[in-house]
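This report refers to the structure that appears directly beneath it.
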Amino acid sequence: PQFVPNDDVEQLKASLDVSYLLFSACLVFAMQAGFTMLEVGLIRVKNTKNILLKTVGEFSVTTVAWWFTGYAFAFGNPLNGSPNPFGGYHNFFLLDINKTKDFAMFFFELSFASSTAMIVSGSVAERTSFIAFAIASFGLVSVVYPFPAHWVWGGGWLSQLGDNGFIDYAGSGVVHCSGAAYGLVAAILVGPRIGRFIDGRPCTIHGYSITLVSLGVFILWFGWYGFNPGSTLGLSGGRSLLSGKLCVNSSISASSGACTLFIWNMIVNRKPDLAFIMNGVLAGLVGITGPGVVVQPWAAFVIGVIAAFSYLFLSTLLIKLKIDDPVESFPVS
């Protein structure tokens, strides 16, 4: 066989890792379409244009916010210095970025940051103007989200706890809890939609297309294979095995969540509720996003079950508290 110099082998490995990272980032970016279809399907047709405008505008605004300060606060550690436990303070506006891998990391992490803002969009659907949502998204991605991202992934204080640090491999806490908490506060501030609660009683406001909801969930599920396996940040050095494990665990947890809510529906209501089951899929995916790399498939199944019941509890709690979350972003996340 032909001899290949070590430098060429290392360069090929690095190129494959960057290609895998960029492909994963594109899958996560495609989740924007899933969020859009899910949200449009769950709201009334009269608000469709507003939702579509927010979706396109959200990624545009968060890209600028991440470029301005978000990436620097999250991952801006100096080359020859130790990470700050609280936040990054280097590479604002990408002024000092010069490696191909760094550009790929910026895009990959941008797709995560933008997903955080999309979670908020569902919580305030049908009650928020585009300008207000754009300002809120800019603030979230430029200032709020980067700090938990730094604490866990950027060498911050949470990553330094114990022997292994706080493990949130792909963002159950950093992405989904951050977005859900921000969205919950926003939903409380804007109040419920007119007609959602009448004389203290909850009234269902039906979305106009369960077909779009189903399409959105399947796009999100597909994109999650960039979210979780893509968080290995490459395939070399044994990381391809971790990617395979994350694909399996993600599939099992999502399916477990869906089956749990299907069985619950059949027991309680004697018939399946498609939107309910779809939320079980998403809850299972969110639940496995953080620990997926360190658990076995049987544990992924259990996590999906727990995530489904967590969704049930939080969904019921929001109704009791008269908080209107049209897409149920907070219970799912």
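Collect the residues in the range 248-285 that are of a type in the set (Ser, Thr, Tyr) and open to solvent by 30 Å² or more (accessible area, probe 1.4 Å), keeping them in residue-number order.
Ser251, Ser255
Among the conditions (1) modelled with pLDDT under 95; (2) over 30 Å from Phe86 (Cβ atoms); (3) open to solvent by 60 Å² or more (accessible area, probe 1.4 Å), the only one that Phe218 does not satisfy is (1).
For the range 162-213, taking the residues that are farther than 22 Å from Ser310 by Cα, of a type in the set (A, V, I, L, M, F, W, C) and free of Cβ contacts under 8 Å to residues at least 40 places away in the same chain, the one that is most open to solvent (accessible area, probe 1.4 Å) is identified as Ile194. Reported count of residues in the range 266-316, each being farther than 25 Å from Met37 by Cβ and among the hydrophobic types (A, V, I, L, M, F, W, C), is 16. Identify the single condition in (1) assigned to a loop (DSSP other than H, G, I, E, B); (2) of a type outside the set (A, V, I, L, M, F, W, C); (3) touching a helix residue (DSSP H, G or I) at 6+ places or on another chain (Cβ under 8 Å); (4) open to solvent by 10 Å² or more (accessible area, probe 1.4 Å) that Gly87 does not satisfy, given that it satisfies every other one. The number of the failed condition is (4).
This table checks each residue for (1) over 25 Å from Ser121 (Cα atoms); (2) among the aromatic types (Phe, Trp, Tyr); (3) without any contact (Cβ under 8 Å) to a residue 12 or more places away in the chain.
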{"position": "Leu242", "(1), (2), (3)": "yes, no, no"}
{"position": "Ile252", "(1), (2), (3)": "yes, no, no"}
{"position": "Cys259", "(1), (2), (3)": "yes, no, no"}
{"position": "Ile263", "(1), (2), (3)": "yes, no, yes"}
{"position": "Trp298", "(1), (2), (3)": "yes, yes, yes"}
{"position": "Ala308", "(1), (2), (3)": "no, no, no"}
{"position": "Leu314", "(1), (2), (3)": "no, no, no"}
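Within the bounds of the range 84-100, is there any residue that is closer than 19 Å to Phe227 by Cβ, of a type outside the set (A, V, I, L, M, F, W, C), touching a residue at least 12 places away in the same chain (Cβ under 8 Å) and in contact with a Phe, Trp or Tyr (Cβ under 7 Å, 6 or more places away or on another chain)? Among the residues of the range 84-100, not one is closer than 19 Å to Phe227 by Cβ, of a type outside the set (A, V, I, L, M, F, W, C), touching a residue at least 12 places away in the same chain (Cβ under 8 Å) and in contact with a Phe, Trp or Tyr (Cβ under 7 Å, 6 or more places away or on another chain), which makes the answer no.
Of Leu21, Leu12, which residue is within 25 Å of the chain's Cα centre (by Cα), assigned to a helix (DSSP H, G or I) and of a type in the set (A, V, I, L, M)?
Only one candidate passes the filter, namely Leu21.
Checking each residue in the range 266-290 for being touching a helix residue (DSSP H, G or I) at 6+ places or on another chain (Cβ under 6 Å), in a helix (DSSP H, G or I) and more than 19 Å from Thr211 (Cα to Cα) picks out Ala283, Gly284, Leu285, Val286, Gly287, Ile288, Thr289. Only one entry in Leu42, Leu53 is touching a helix residue (DSSP H, G or I) at 6+ places or on another chain (Cβ under 9 Å), open to solvent by less than 70 Å² (accessible area, probe 1.4 Å) and of a type in the set (A, V, I, L, M), namely Leu42.
This table checks each residue for (1) within 20 Å of Leu285 (Cβ to Cβ); (2) at pLDDT below 95.
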residue: Pro1; (1), (2): no, yes
residue: Val4; (1), (2): no, yes
residue: Glu10; (1), (2): no, yes
residue: Ala14; (1), (2): no, yes
residue: Val28; (1), (2): yes, no
residue: Leu42; (1), (2): yes, yes
residue: Ile51; (1), (2): no, yes
residue: Gly57; (1), (2): no, yes
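With respect to the conditions (1) closer than 23 Å to Ser19 by Cα; (2) open to solvent by 60 Å² or more (accessible area, probe 1.4 Å); (3) among the hydrophobic types (A, V, I, L, M, F, W, C); (4) at pLDDT 95 or above, Ile135 falls short on a single one, namely (1). Among residues that are crowded, with 20+ Cβ neighbours inside 10 Å and modelled with pLDDT of 90 or more, Ala113 is included.
The values are calculated or read from the model by the stated rules, or taken from the named source; none is laboratory data. Small disclaimer: the values here were computed from a predicted structure and weren't measured. Cβ atoms come from the backbone with ideal geometry, glycine included; neighbour counts cover every protein chain shown. Ligands, DNA and RNA are excluded from the accessible area calculation, which covers all protein heavy atoms including side chains. Shrake-Rupley method; radii C 1.70, N 1.55, O 1.52, S 1.80 Å.
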